[in-house]
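Engineer: Before I ask anything, here is the structure I am working with.
The values are calculated or read from the model by the stated rules, or taken from the named source; none is laboratory data. Remember, it's a predicted structure, so these values are computed and weren't measured experimentally. With ideal geometry, Cβ positions are generated from the backbone for all residues, glycine too; neighbour counts draw on all protein chains shown. Calculation scope for accessible area: heavy atoms of the full protein, side chains included, ligands and nucleic acids excluded. Shrake-Rupley method; radii C 1.70, N 1.55, O 1.52, S 1.80 Å.
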Amino acid sequence: MNEFLLYGLIGGAIPDLLRIINNRYQLSLPVYLKSINFYVGFIFLLILGMVTVQLLQANSITEALSYGYSAPQVISGLLGNMSKTQKSGKEKRSMPESPRMPEKFSTLDFWKW
């Protein structure tokens, strides 16, 4: 068993811990802390951090923390983007549609186009 699994678990907890620390001056608890979905997701991210450390075989504490931190971030970012509708390349760059070329195209039509 890898001795850096605990650090992967801590790395997986960092994003949510930072979000909780940022809200430390609010008088009431955020609504998401009262939801079971938050805790299920939090446990999933902790396990994901540990699995990533095991699979990538971290060799130092810094590597284990970074693997544990980055794996949940990438996965949650990818899963969050899957719910958005896909856009074509032109829509992403907001490029205007080019005019259509006529079926019969002569030299004179080229200069008119």
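Engineer: Which value, in Å² and to the nearest 10, is the accessible area of LEU6 when all protein chains are kept and the probe is 1.4 Å?
Structural biologist: Solvent-accessible area, nearest 10 Å²: 100 Å².
Engineer: Can you send over the solvent-accessible area of LEU48, 1.4 Å probe, protein chains only, in Å² to the nearest 10?
Structural biologist: Spelled out: LEU48, probe radius 1.4 Å, area about 40 Å².
Engineer: Another question, if that's okay. Label LYS34 and ILE21 with points 7 Å out from Cα along Cα→Cβ: what is the distance between them in nm?
Structural biologist: Modelled inter-label distance: 2.6 nm.
Engineer: Quick one: if you stick a label point 7 Å off each Cα along the C-beta vector at ILE43 and ASN59, how many nm between them?
Structural biologist: Distance between the two pseudo-spin positions: 3.6 nm.
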